Amino acid sequence: MRHFKAVRIRIVRIFSFLLLSGFLLSSLSSYPQFQGDLDSLERVYLEGAFNPQDSLEILNDLAVTYQDPQMILLYSEALISVARRQDSIYRLYQGHLQKGNGYIRLGNQVEALENYFEAAKFADSIGATNRMGTIFITIADVYSLMNNAENAREYYQRAIGLLRKTSDTLQLAAGIANAGDFYYNQGELDSALVYFEESGAIFKAIDYQLGIGYYLGSLGMIYAEQGRQQEALAKLDECLDILEKEGDYYGIAAFLPFVSNIYRDQGDIRSAIRYARRSLDVAAEYGLKEQIRDANLLLSELHEELGNTTEALNYYKGYTLYKDSISNVGLVQEMARMRTDFEIDKKQAEVDILEKEAEIRELSEKRQDAVLFITIVILLLAFVLAFGLYRRYKYIRKTRDIIQREKSRSDELLLNILPEETAEELKNHGRVSAKKFESVSVLFADFVGFTSYSEKMSPEDLVKTVDYYFSRFDQAAEKYGLEKIKTMGDCYMCAGGLPFPTEDHAVKMVRFAQEILEIVLQDGYTEVTGFKIRLGIHTGPVVAGVVGTKKFAYDIWGDTVNIASRMESASQPGKINVSENTYQLIRDDFECEFRGRIDVKNKGMMKMYFIKDTGGDSGDPKLQEQAQTDVAGS
């Protein structure tokens, strides 16, 4: 089984940005006194041993020459600051371009794109056609990395069209090579090969070694995709030799995992580990977060195949650490933390009320004893204590009203987090026994592209928006007699057929899912956020119960929950994806579209169906292929 499709997503997209950085480096026109190694150039700048009018040239050289993304950002910021003071439009263009390159190396696509568009404004203002072509290549690269194929295709075409009108063959070759990389990522290997061959011919004609290196690496990747492994290894070895001579460690770290996967497919796991480990070492030395992430995941998978579970777990932890950093999920995590804090505070308040109820009950018992005693006294001193008895009666009545109100309030709050039957069992026995339900329908709903939208919103607006949708979902779940289980970040989980078994829980769950789509697709919030939602449903046995002793949480467990999650990840925006089990229960009530058998990790091939007339993009074969890739790797 070849692993190149996954590698293509994680590694090859980086190739675009490596090319551009190399091209810019080669086009420098540094003054002779500043040519030399990086340390000498930096020493000249830090010691101030240069003419003031040369400061912009030196800062640009430093920003281009450094491979450390933090140093790129440092010197590009300095370049922008000095260029602004000297009113140099061209150097402002260069500063924002290099700053975008620094953010790309750190995996921050949004900040990178913002700086590239700033660079485009300055290039346009000075009428530099070749610079506009260059920056359009870079913008297209970012869109490709963000899986925005439509915008990427448009900017590649515009860039190549502009560069063909200029004499800048180097940048033209860059644009053509990056366009080839885009078509490779889209799975259009024939188109990719045409672009790579054209760019390679230009690189060879001008004897540009770094470009030739990436051209050979591109051929190696296509050969590997075609199953021509020995030819692929030969091309990749030539590529790595050139990159080693050119000192391009960013490219080395990107291509090594591809070599590793070729050995992996040949069954030579130890050689595969050696190349993956080398990629990790290079990436760690130069702070390349995406390569660190990918190398850790690859090493985790390889050690798992060898049965080295401890090593596999350690590398997977390394992958998880860098995964969140690269995906820019800071806002999502903050939203989740705020929502978690809110839930914890609410549950703690419910616990406090329960404790208060117990105190009031104890007080009531004592008061009742006091009433008995007072009654006897009143019988003996009826006339003397008549007025006091009247006042005592009013006090007791007021106390009982308080007790009843507090009890009702505590019952209501408890029912907010537990089903009624479960809450009664908890109050009566102080604990809840786990129960098995033979047939339960479980739904997962997840917002698509949530991370990219969250980056554009403040934490307050993000929490408000997500809470708005989840509140609407809660109302719909109550309407159909379903049980909300929990929310996890932007994911919503619900179950039907418990705590009271029902015959039509699968039908109700599909109707609930359709109403969720109506809420997201038709609600006014969608016009602001652009959110789309993906849903999956599976039916089967689960075990349900309460976890915790103070901060209670009703939850369900079992393979049914895992499969329901796979149904969601295999779905598409605006679609409801159901398993074979669920389909058998709803096929008389809903028109369904058979998707075929799709490979699910640890489950093998599973039949899946779309509920028809729910919108979405089910007709797009690329979306279907991507959904199959997602579920197989999830």
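Would you check which residues across the stretch 122-134 are under 33 Å from the mean Cα position of the chain (by Cα) and either under 16 Å from residue 103 (Cα atoms) or without any contact (Cβ under 8 Å) to a residue 12 or more places away in the chain (or both) and list them?
Those that are under 33 Å from the mean Cα position of the chain (by Cα) and either under 16 Å from residue 103 (Cα atoms) or without any contact (Cβ under 8 Å) to a residue 12 or more places away in the chain (or both): none in the stretch 122-134.
Which one is surrounded by the fewest Cβ atoms within 10 Å (Cβ to Cβ), of the residues in the stretch 135-151 that are under 20 Å from the mean Cα position of the chain (by Cα) and part of a helix (DSSP H, G or I)?
Among residues in the stretch 135-151 that are under 20 Å from the mean Cα position of the chain (by Cα) and part of a helix (DSSP H, G or I), the one surrounded by the fewest Cβ atoms within 10 Å (Cβ to Cβ) is 149.
Output the qualifying pairs, or none if there are none: Cβ atoms under 8 angstrom, residues six or more apart or on different chains, first residue in the stretch 108-121 and assigned by TED's automatic domain parsing to the domain that holds residue 455 and surrounded by fewer than 17 Cβ atoms within 10 Å (Cβ to Cβ), second residue at pLDDT below 90 and assigned to a helix (DSSP H, G or I).
Short answer, once both residue conditions are applied: none.
Within the stretch 180-190, identify whether any single residue is polar (S, T, N, Q) and touching a residue at least 60 places away in the same chain (Cβ under 8 Å), and answer yes or no.
yes
Considering only helices (runs of 4 or more DSSP H) fully contained in the stretch 559-634, which possess at least 2 residues that are modelled with pLDDT under 95 and within 15 Å of residue 514 (Cβ to Cβ)?
No helices (runs of 4 or more DSSP H) qualify here.
Would you please name the residue that is nearest to the chain's Cα centre (by Cα), looking only at residues in the stretch 197-253 that are under 16 Å from residue 178 (Cα atoms) and among the polar types (S, T, N, Q)?
218
For the stretch 39-54, which residues satisfy the criterion of being in a helix (DSSP H, G or I), free of Cβ contacts under 8 Å to residues at least 24 places away in the same chain and not hydroxyl-bearing (Ser, Thr, Tyr)?
Of everything in the stretch 39-54, those that are in a helix (DSSP H, G or I), free of Cβ contacts under 8 Å to residues at least 24 places away in the same chain and not hydroxyl-bearing (Ser, Thr, Tyr) turn out to be 39, 42, 43, 44, 46, 47, 52, 53, 54.
Taking the stated definitions as given, is residue 67 of a type outside the set (Gly, Ala, Ser) and part of a loop (DSSP other than H, G, I, E, B)?
Yes: the conditions hold for residue 67.
Would you confirm, using the coordinates I've provided, whether residue 166 is farther than 21 Å from residue 103 by Cα and either assigned to a helix (DSSP H, G or I) or in contact with a helix residue (DSSP H, G or I) (Cβ under 7 Å, 6 or more places away or on another chain) (or both)?
For residue 166, the condition - farther than 21 Å from residue 103 by Cα and either assigned to a helix (DSSP H, G or I) or in contact with a helix residue (DSSP H, G or I) (Cβ under 7 Å, 6 or more places away or on another chain) (or both) - is met.
The values are calculated or read from the model by the stated rules, or taken from the named source; none is laboratory data. Owing to the predicted nature of the structure, the values given are computational and were not obtained by experimental measurement. No Cβ is skipped: glycine too gets one built from the backbone with ideal geometry, and neighbour counts run over all protein chains shown.
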